[in-house]
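Written below as structure tokens is the structure these notes are about.
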Amino acid sequence: MEFDLSWILLGLPLAFLLGWLASRLDLRQLRFENRRVPKAYFKGLNFLLNEQQDQAIDAFIEAVQSDPDTSELHFALGNLFRRRGEYDRAVRVHEHLLSRGDLGQIDRERAQHALALDFLKAGLLDRAEEALARLEATPFEAQARLALLAIYERSRDWPNAAAITQKMHAAQQGDFSTRQAHYLCEQALAQVAQGDLAAAETKLAQAATVAPHAARPRMELAKLQQQQGQPSAAVATLLAMGAATPTALPLAAALLVQAGQASGQTASVMQALQQHYSEAPSLDVLEGIVALEAADPALSGAGREWYVRHLETEPSLVAAAKWLATEKLEHEQFHPQVQRALDRASAPLTRYRCAACGFEARQHFWQCPGCQTWDSYPSRRVEEL
């Protein structure tokens, strides 16, 4: 079969002509697009590249005013205002977007989310709550619920916080059972303050059911039982907590000793504390053991030996200071000065430290006062970490 070169000779000019026409069309399209983009937009980009943010903002505002259909430019400008802390201007930009009738559904939901963030950053929680509530059944629903949860926790609106966590739990956004138990405990504490002890006990029992392995519901319930003159019930509650959550027993050691002494169950309490100490030595559990032995006349002075045993395995300045406080020195006249120095040096070691932000406190918190994180404080003190 012979190959006809005439077809090639005819095809080459045709291909060249088609390519030239395509390039001209692309060039015209590019010129058309360039004419559509406001010149102020390029001025703004140039200012941004030169790190002149104020001039860039002015240029972007000019671009938005000259071409109000540029929704992406609105979003960029609103986010820039928010990052700079100019929340009023960010709100105006996003509200202007939402007022447009030609805005698509996706951009409308995006603008609603951006507006909610503006209110949150500005601290306008009521308006933020309203804006976030409108994001239900949108792609921003999960983020909105988290933000609402933060608002309710910040305002201590525990019933609404519990309702949000139930929705999140149902949507499989995570396990919020422990968080729900905290909310119930907070409501119970408020009822205790109002004198409604029966309702508080019901809330705490519900919290223990919601989160069986959470330590707080049983600890709060034991405090309430002790307050109501039911030390035996408090001992049983705390021993059950120690069995379910052994790591939390140091937090309850002092209360367990008080309830055990009040109910005459010092033997069972001592056994529980010694067993826990043998498995996981702890300063608070050690203090509980020493307190029980100090209250028993038959074991007078034996408590000091526990400090020595602790020092053999756990080098502890806190334990050393407590042991020294009960000892007689050869030069006893210098004992108070030495004791004060040791107590002062060991005091920071007896604090609790948040694992999330490092905030230290003399008492244990279920929610960090600094970063607001739940369950971020270990049950052990700084020296034991």
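Hey, with R₀ at 30 Å, roughly what FRET efficiency would T202 and A254 work out to, going by the Cβ-Cβ distance, to 0.05?
Values: r = 26 Å, r/R0 = 0.87.
In this case the efficiency is close to 0.70.
As a footprinting exposure proxy, order H169, H213, H113, H94 by other Cβ within 10 Å, with the fewest listed first. Intermediate values should be presented prior to the final figure.
Values: H169 15, H213 12, H113 22, H94 28.
Lowest to highest Cβ neighbour count: H213, H169, H113, H94.
Do any trypsin sites (Lys or Arg not before Pro) in region 136-184 lie in a DSSP loop with no more than 12 other beta carbon atoms within 10 Å, and if so, which? If you can, show how the numbers build up before the last one.
Working: sites: R145, R154, R156, K167, R179; in loops: R156.
Here the sparse-neighbourhood loop sites are R156.
Count neighbours as other Cβ atoms within 10 Å of each site's Cβ, and list the GluC sites (Glu not before Pro) in region 131-169 that are DSSP loop with at most 14 such neighbours. Mind dumping the intermediate values first?
Details: sites: E136, E141, E153; in loops: E136.
Loop-located and lightly packed - E136.
Give the peptides 231-243, 75-87 in descending order of average Cβ contacts within 10 Å, highest first.
Averaged packing, sorted descending, gives the order 231-243, 75-87.
Taking square-rooted eigenvalues a ≥ b ≥ c of the alpha carbon gyration tensor, is region 198-341 rounded, prolate or oblate, where a/c under 1.5 means rounded and, failing that, a/b exceeding b/c means prolate? Please report the intermediate quantities before stating the final value.
Numbers: a/c = 2.41, a/b = 2.11, b/c = 1.15.
The shape class here is prolate.
No lab work stands behind these numbers, since they all come straight from the coordinates. Since we're looking at a predicted model, the values are computed, not measured. Using ideal geometry, Cβ is built from the backbone for each residue, glycine included, and neighbour counts are taken over all protein chains shown.
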